[in-house]
Amino acid sequence: MKGRIEFIIKDYVNQYESIEGIKSRWKEPIVAFADAEDPMFSKLKEVVAPTHAMPRDFMADGRTIISYFLPFEDFIPNSNIGGRISSKTWAIAYVETNELIASLNAYIKKRIEELGHGAELIPMALNYAPDNLKSDWSQRHVAYIAGLGKFGINNMLITEKGCCGRVGSIITNLKIEPTIRDEGEYCLYKAGLNCTKCIDNCINEALVGDEFHRERCYEMCRENGERYKHLGHSEVCGKCLVGIPCSFENPALK
Ligand code: SF4
Ligand code: SF4
């Protein structure tokens, strides 16, 4: 079943690119699985927010969280290198990938139901509010639990295909063997090596040392959102993700 779910996701993303008008392109997705009862989920109430949801809040008999990473093709991050304002290509990729995730999750649910099992959708930014700038379902933390990658000091998840892309998730009552989380860090700084490229790239002093000033980051995202509001909801920045050693790969493997 693991292989079948992976195929459903990879094939859907591949086909999605041929829809007329879609400008973004994605590399082959990475898919990982977490046990819905993994004790690490309860730690998110401390690490993210006391109101963070648990998998079974979405599906009482849910057994597995399917988490995936949709890596952008290189031209998208490369378009966002330099300058203060995000590139239009980067903003479009954000809007289009959000739409892709919504559509992909609906498709995964339908295919799992056709196989005689159940799945439930999880809102992309559950209870996200400007006053705390946090979601009650942190896709990146969930992806970490599922073994998709490790956090960099830029607060992004570094996967085997880097950090330039988006994560999504869905819950199913299928029992699928969990992905094993790697030992060790993927971020060079966290691995004790000499890298602060993401901090150097931050254009609004949101990343300072190993501190993250969420409100300064959001201020920059709002500025871009205003600039690109004609494209849809595009509160993005991403300067700390591009042109760095972990943009497209896990640099600790080099
Ligand atoms: S740029 Fe360097 S320090 Fe920053 S997250 Fe990537 S590997 Fe870590
Ligand atoms: S998204 Fe932009 S403002 Fe936020 S931390 Fe990265 S570079 Fe800084």
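The values are calculated or read from the model by the stated rules, or taken from the named source; none is laboratory data. Note that this is a predicted model, so its numbers are computed, not measured. Counting neighbours? That spans all protein chains shown, and the Cβs are built from the backbone with ideal geometry, glycine included.
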**Report entry** helices (runs of 4 or more DSSP H) completely within the stretch 48-161 that count 2 or more residues being of a type outside the set (Ser, Thr, Tyr), without any contact (Cβ under 8 Å) to a residue 60 or more places away in the chain and closer than 26 Å to ASP38 by Cβ
**Finding:** 88-114
Report task. Please tell me if ALA53 is surrounded by 20 or more Cβ atoms within 10 Å (Cβ to Cβ) and either touching a Pro at 6+ places or on another chain (Cβ under 9 Å) or under 22 Å from LYS161 (Cβ atoms) (or both). Result -> no
Requested in this report: Kindly list, by first and then second residue, each pair from a residue in the stretch 193-207 that is within 18 Å of ALA252 (Cα to Cα) to a residue that is of a type outside the set (A, V, I, L, M) and more than 7 Å from ligand 1 (Cβ to nearest atom), limited to pairs with Cβ atoms under 6 Å and residues at least 6 apart or on different chains.
Outcome: CYS198/CYS240
Query raised in the report: Any idea which residue in the stretch 181-217 is nearest to ligand 2 (Cβ to nearest atom), counting only those that are assigned to a helix (DSSP H, G or I) and out of contact with any Asp or Glu (no Cβ under 9 Å at 6 or more places or on another chain)?
Result: CYS217
Query raised in the report: Somewhere in the stretch 202-211, is a residue within 20 Å of LYS88 (Cβ to Cβ) and either more than 10 Å from ligand 1 (Cβ to nearest atom) or surrounded by 14 or more Cβ atoms within 10 Å (Cβ to Cβ) (or both)?
Result: yes
Query raised in the report: On the given criteria, is ILE199 under 16 Å from the mean Cα position of the chain (by Cα) and within 16 Å of ligand 1 (Cβ to nearest atom)?
Result: no
Report summary line: The one condition GLU20 fails out of (1) assigned to a loop (DSSP other than H, G, I, E, B); (2) surrounded by 14 or more Cβ atoms within 10 Å (Cβ to Cβ) is (2)
Requested in this report: Specify the residue that is surrounded by the fewest Cβ atoms within 10 Å (Cβ to Cβ); the eligible residues are those in the stretch 148-180 that are among the β-branched types (Val, Ile, Thr) and more than 16 Å from ligand 2 (Cβ to nearest atom).
Outcome: ILE180
Query raised in the report: Restricting attention to the stretch 246-254, does a residue exist that is within 16 Å of ligand 1 (Cβ to nearest atom), in contact with a Leu (Cβ under 8 Å, 6 or more places away or on another chain), part of a helix (DSSP H, G or I) and not hydrophobic (A, V, I, L, M, F, W, C)?
Result: yes
Requested in this report: Hey, can you tell me all the residues within the stretch 223-254 that are modelled with pLDDT of 95 or more, surrounded by fewer than 20 Cβ atoms within 10 Å (Cβ to Cβ) and basic (Lys, Arg)?
Outcome: ARG227, LYS229
Report task. State all residues of the stretch 18-35 that are in contact with a Phe, Trp or Tyr (Cβ under 9 Å, 6 or more places away or on another chain) and not charged (D, E, K, R); if no residue qualifies, say none. Result -> ILE22, SER24, TRP26, PRO29, ILE30, VAL31, ALA32, ALA34
